[in-house]
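The values are calculated or read from the model by the stated rules, or taken from the named source; none is laboratory data. Note that the structure is predicted; figures quoted are calculated from it, not measured. Neighbour counts run over all protein chains shown; Cβ positions are idealised from the backbone, glycine included.
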Amino acid sequence: LLCIAAKKDAAVLHCHTEDILTDTYYYQENSSKRLKSLQHFQKETGSVMHKILKHGPTRWLSLLACIGRLIEQWDALSSFVLNEKCEVKKTNDCLLQICSFFEDLCSKLYALLMQYALPKFLNANLMLQREDPVIHLMQRLMHEVATDLMVAFIKPDVLHKAKNICKVEHHHRSV
């Protein structure tokens, strides 16, 4: 339920960060020449020498770690893919998609937004994956998640006007 809500929210942003994470990983991981080139750009940009993490779409909890690594390696990855675009004689769709992501100024903002918002979903998701039954905690948990999200993204005066968090008019652009 939480995963579906988070994915719908992310889809509104028109930025397919999960696809970019997967494409970036496989683009550089499958070639030792590309790995060396990425390491060169990591040194050149002063980035920490870390591998790019692999995001598995079925491993939803890995998304936060992958987003964090993407942001940490942003300068090196950006330089790497833009250099690849210039160097490679025959560019493929995957490289073009990765390049357009790094060329778009809003992409880093989307990644930072995801890094900020994902823990709100992940903490609840971890609670739901416990071994012991938690059905009796569901209503309170969903209320806490909704409250956390609204406090983070809706103007305080709009929240104060609503007596009940379920009655907040969140559909208007002015909130």
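Considering only the stretch 49-67, state which residues are closer than 18 Å to H16 by Cβ and either touching a strand residue (DSSP E or B) at 6+ places or on another chain (Cβ under 8 Å) or part of a helix (DSSP H, G or I) (or both).
Of everything in the stretch 49-67, those that are closer than 18 Å to H16 by Cβ and either touching a strand residue (DSSP E or B) at 6+ places or on another chain (Cβ under 8 Å) or part of a helix (DSSP H, G or I) (or both) turn out to be W60, S62, L63, L64, C66, I67.
If we scan the stretch 140-154, do we find a residue that is in a loop (DSSP other than H, G, I, E, B), modelled with pLDDT under 85 and either exposed (fewer than 12 other Cβ atoms within 10 Å of the Cβ) or of a type outside the set (S, T, Y) (or both)?
yes
Could you say which residue among C106, C94, C86 is of a type outside the set (K, R) and over 20 Å from the mean Cα position of the chain (by Cα)?
Only one candidate passes the filter, namely C86.
Tell me, which residue of the stretch 122-132 that is touching a residue at least 24 places away in the same chain (Cβ under 8 Å) and more than 9 Å from L64 (Cβ to Cβ) is surrounded by the fewest Cβ atoms within 10 Å (Cβ to Cβ)?
Among those that are touching a residue at least 24 places away in the same chain (Cβ under 8 Å) and more than 9 Å from L64 (Cβ to Cβ), it is L126.
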